[in-house]
1. What Kirkwood Rh does region 35-150 have if only Cα atoms enter the pairwise 1/r average? Answer in Å.
2. Can you check what the net charge comes to around Gly54, using other residues whose Cβ is under 15 Å from the Cβ of Gly54 (Lys, Arg +1; Asp, Glu -1)?
3. Report the rotationally averaged projected area of region 104-150 based on its alpha-carbon convex hull, in square nanometres.
4. First select every other residue whose beta carbon is under 15 angstrom from the beta carbon of Glu131; then total the charges, Lys and Arg +1, Asp and Glu -1.
5. Reported to two decimal places, what Rg/Rh ratio describes region 42-104 when computed on Cα atoms with Rh from the Kirkwood expression?
6. Per-residue counts of other Cβ atoms within 10 Å, averaged by peptide: what ranking do you get for 102-110, 72-80, highest first?
7. Would you mind getting me the FRET efficiency between Gln132 and Lys71? Use the beta-carbon distance for r and R0 = 25 Å, nearest 0.05.
8. Of Val96, Val51, Val26, which has the most accessible area with a 1.4 Å probe, and how do the rest follow in descending order?
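The values are calculated or read from the model by the stated rules, or taken from the named source; none is laboratory data. Being a predicted model, the structure only gives us computed values, none of them experimental. FYI the Cβ positions are ideal-geometry reconstructions off the backbone, even for glycines, and counts take in every protein chain you see. Note: areas computed on protein heavy atoms with side chains; ligands, DNA, RNA excluded. Shrake-Rupley method; radii C 1.70, N 1.55, O 1.52, S 1.80 Å.
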Amino acid sequence: MSSTLTAPTATDRRDWTPGLLVGLGVLLTAALVWAYSMLGATSGTERPRPVWLGLDKVVSQLSDGRMMAVKVNFELKSVDDPQSLQDYNAALTVLVRDVAATLSYEDLKGREGMKRYGAALHAATNDYLHEQGLPGRVKGVAFEELVLMP
């Protein structure tokens, strides 16, 4: 049992070369992805965050005599808008109550009823703010809580 040692030939070295090249390519790709995610993705373009103005819960009587409790949040167009609209919170609360008074229980049923109520609040709020010299401040309406009482 004798073993003979032979020197590696050129063909033996070529067997591991493709594996080494693939490994280096993977490492280089991973390094480039990491560098882009750390340096390139934070180029100062952040996604804008929504600005909300929330009102306290409003209890309103609907046109058919039933009661409704609602907590409304207005999505505003500008970061500075919440401070400029704080003086109008009482008027916006009355506006929410008045718009609800024009609707019945049947008008508010289902998803479409909520959409119609939200659209009516959106239009009425922007109309009121336009009259006050603050045009187009409300971008959207969201209901945090809405309870229709029998």
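1. Details: mean 1/r = 0.0643 Å⁻¹.
It is 15.6 Å.
2. On the way: positive: Lys57, Lys71, Arg137, Lys139; negative: Asp56, Glu75, Asp81, Glu144, Glu145.
Spelling it out: positives minus negatives among the neighbours equals -1.
3. Values: hull surface 15.4 nm².
Averaging across all directions leaves 3.8 nm² for the Cα convex hull.
4. Details: positive: Arg137; negative: Asp87, Asp98, Asp127.
Charge balance near Glu131 sits at -2.
5. Numbers: Rg = 15.7 Å, Rh = 13.5 Å.
Ratio of gyration radius to Kirkwood radius for region 42-104: 1.16.
6. Numbers: 102-110: 14.2, 72-80: 16.2.
So the order, starting with the most tightly packed, is 72-80, 102-110.
7. On the way: r = 23 Å, r/R0 = 0.92.
The formula returns an efficiency of 0.60 here.
8. Details: Val96 0, Val51 25, Val26 95 Å².
My answer, sorted largest first, is Val26, Val51, Val96.
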